[in-house]
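Enquirer: I have a structure here, written as structure tokens, and I will follow up with some questions on it.
FYI, it's all coordinate maths here, none of it is from the lab. What you see is a predicted model; the values in this text were computed from it and never measured. In this analysis, Cβ positions are derived from the backbone assuming ideal geometry, glycine residues included, and neighbour counts consider all displayed protein chains.
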Amino acid sequence: MSSNKLPQPVQPTHSATPATPDKLLRLPQVQDLTGFGKSSIYTGVKKGTFPAPYRLSARCVGWKLSALQAWIDSRTPTQGGAA
């Protein structure tokens, strides 16, 4: 008697979902995400209270989305629990 076994699928050695690269946001997107204006963002960067941008070219900077999310998560909620 011969046994007709189907081949078993090979299990990947890494996770099925590849790591996605960190997205870079430009200033208008950062303003939308945080509700801050341009001056407040750059003042916070200068004081060290806001994530610093990454230089992308001579006249272009961007912020890592993960750094902004971490900064937002580190903020304490306002009194009364309003978000």
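Enquirer: Within the set of other residues whose C-beta is less than 12 Å from the C-beta of Q69, count the net charge using Lys and Arg as +1 and Asp and Glu as -1. Could you put the intermediate results ahead of the total?
Expert: Numbers: positive: K23, K64, R75; negative: D22, D73.
With Lys, Arg at +1 and Asp, Glu at -1, the neighbours total +1.
Enquirer: What does the net charge come to around Q29 if you take all other residues with beta carbon closer than 14 Å to its beta carbon, with K and R at +1 and D and E at -1?
Expert: On the way: positive: K23, R26, K38, K64; negative: D22, D32.
Residues near Q29 contribute +2 overall.
Enquirer: Let me ask you something else. What percent does the relative contact order of region 24-74 come to when contacts are Cα pairs within less than 8 Å and at least six residues apart?
Expert: Averaging sequence separation for qualifying contacts and normalising by length gives 39 percent for region 24-74.
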